[in-house]
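J.: Just dropping this structure here.
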Amino acid sequence: EHPDGLLSRDDEVAEHAALEQAMREGIACGEFVPYYQPIVELAGRDVQSLELLCRWNHPKRGLLAPAHFIALAEETGLIGPMMLSVLRQACMDLPRFPAHWRLSINAAPKQILDATLVTQLLAVLREHDVPPERLDVELTETALVSDTARARRVMQALKDAGMTVTLDDFGTGYSSLCYLAEMTFDKIKIDRSFVHDITRDPADAAIIPAIIALARSLKLRVIAEGVETAEQLRFLQQHGCD
């Protein structure tokens, strides 16, 4: 370690390797666990889906949020096994929930370009007798930018298998409108950065109704993320957000 307290390059490499190995072992041991974020139908205020959020129940460092490990998981190629492990545990939890509740899971950019993704997901669902119609796969624009043609094929395969597909973080990328026109999404999710200030920022208050109107014209359902106040909830409900 340097005198200023910073890790040397060798130390950083060693720590990176140790964390990667711990991650591999953690996936095998079931240390990566699902936390559930409810997706609520605004019309009746009923829960319709549960978004799977991953946490690492680290044996020494305690419960870690995704900011501590997702980037490394994507870099090392462990994001796929991690996601499948969390989905497997969620499928085991599903019988405890109402029969109409669905699961929503985030696919990393590399996963949505993987032709075997659908086969992997179906294998986990089949293992626990969960119909594909109960799974929604969320993806961000990043996956579409790198290889649009391949992403389109995987998306269509997901839909052909009975799953639904959501465009996540809508409004934060460069070509969202282009992808809405080119690809057959079922839903879009408005990014929380727009929702946060809808009752204070005139620009956000104008953008969200426009997004909802656009989605309506394309026959897409709309989810807003990051709703934390009654005022935000009323605004979204008044403007027809699903």
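J.: Hey, what's the chain come to in accessible area per residue, 1.4 Å probe, Å²?
T.: For the chain, the per-residue accessible area is 51 Å².
J.: Counting other C-beta atoms within 10 Å, and keeping those with at most 11, which DSSP coil GluC sites (Glu not before Pro) do you find in segment 187-235?
T.: When the GluC sites (Glu not before Pro) of segment 187-235 are filtered for loop state and at most 11 Cβ neighbours within 10 Å, E228 remain.
J.: Using just the Cα positions, wrap segment 13-76 in a convex hull and report its mean projected area in square nanometres, one decimal place.
T.: Dividing the Cα hull surface by four gives the mean projection, 5.4 nm².
J.: Can you give the charge dipole size of segment 19-175 about its Cα centre, rounded to the nearest 20 debye, using +1 on the beta carbon of Lys and Arg and -1 on the beta carbon of Asp and Glu?
T.: 200 debye
J.: Suppose we keep just the DSSP beta bridges with both residues in the chain; what percent of those would be antiparallel, to 5?
T.: 40 percent
J.: OK, next. Any lysines with Cα under 23 Å of the K219 Cα? List them, leaving off those in the same chain fewer than 8 positions away.
T.: List returned: K159, K187, K189.
J.: Could you tell me the calculated FRET efficiency between A123 and L177, based on Cβ-Cβ distance and R0 = 35 angstrom, to the nearest 0.05?
T.: Once the sixth-power term is evaluated, E becomes 0.50.
J.: Further, regarding this structure: Could you sort R45, R150, R88, R96 by accessible area so the largest value comes first, with the probe set to 1.4 Å?
T.: The residues order as R96, R45, R150, R88, largest area first.
J.: Hey, with R₀ at 25 Å, roughly what FRET efficiency would A149 and L218 work out to, going by the Cβ-Cβ distance, to 0.05?
T.: 0.75
J.: What is the dipole size for segment 117-242, taken about its Cα centre, with +1 at each Lys and Arg Cβ and -1 at each Asp and Glu Cβ, in debye to the nearest 20?
T.: 400 debye
J.: Related question: Of F97, V130, T119, which is farthest towards the positive pole of segment 45-158's charge dipole, taken about the Cα centre with +1 and -1 on the beta-carbons of Lys, Arg and Asp, Glu respectively?
T.: F97
J.: Obtain the radius of gyration and the Kirkwood radius of segment 31-111 from its C-alpha atoms and give Rg over Rh.
T.: 1.02
J.: Under a straight-distance cross-link criterion of Cα-Cα below 20 Å, which aspartates and glutamates are reachable from K60, leaving out those fewer than 8 residues away in the same chain?
T.: The qualifying aspartates and glutamates are D11, E12, E15, E20, E25, E31.
J.: Ok, one more. About the Cα centre of segment 120-183, how large is the charge dipole given +1 on each Lys and Arg Cβ and -1 on each Asp and Glu Cβ? Please answer in debye to the nearest 20.
T.: 240 debye
J.: While we're here: Pick from G162, G226, G80: which is most flexible by mean-square fluctuation in a GNM of the chain where alpha carbon atoms under 10 Å apart are linked?
T.: Among G162, G226, G80, the largest mean-square fluctuation in the Gaussian network model of the chain belongs to G226.
J.: Here's something else I'd like to know. Rounded to the nearest 500, what is the 222 nm mean residue ellipticity of the chain from helices alone, with -39500 (n - 2.57) per DSSP H run of 4+ residues and division by all residues?
T.: Mean residue ellipticity at 222 nm (helix-derived): -14000 deg cm²/dmol.
J.: In addition: Quick check on packing: order 58-69, 193-204 by the mean number of other C-beta atoms within 10 Å, highest mean leading.
T.: The packing order, highest mean first, is 193-204, 58-69.
J.: Multiply the residue gap between I207 and Y35 by 0.36 nm, knock off their C-alpha separation, and tell me the result in nm, one decimal place.
T.: 58.9 nm
J.: At 0.36 nm per residue, and after removing the present C-alpha to C-alpha distance, how many nm does the segment from R88 to A161 gain when stretched out fully?
T.: 24.5 nm
J.: Considering the chain as a Gaussian network with a 10 Å cut-off on Cα pairs, which listed residue, A28, A224, A90, attains the greatest mean-square fluctuation?
T.: Residue with maximal mean-square fluctuation among A28, A224, A90: A28.
J.: Hey, of (i) 138; (ii) 113; (iii) 162, which did the structure itself give for volume of the Cα convex hull per residue in Å³ when calculated?
T.: After the calculation, the listed value that fits is (iii).
J.: Looking only at segment 1-120, where both bridge partners belong to it, what percent of the DSSP beta bridges are antiparallel (to the nearest 5)?
T.: 80 percent
The values are calculated or read from the model by the stated rules, or taken from the named source; none is laboratory data. Predicted, not measured: the structure shown is a model, and the values here were computed from it. Because the Cβ atoms are built from the backbone with ideal geometry, glycine has one as well, and the counts that use them run over all protein chains shown. To get the accessible areas, we keep the full protein, side chains included, count just its heavy atoms, and leave off ligands, DNA and RNA. Shrake-Rupley method; radii C 1.70, N 1.55, O 1.52, S 1.80 Å.
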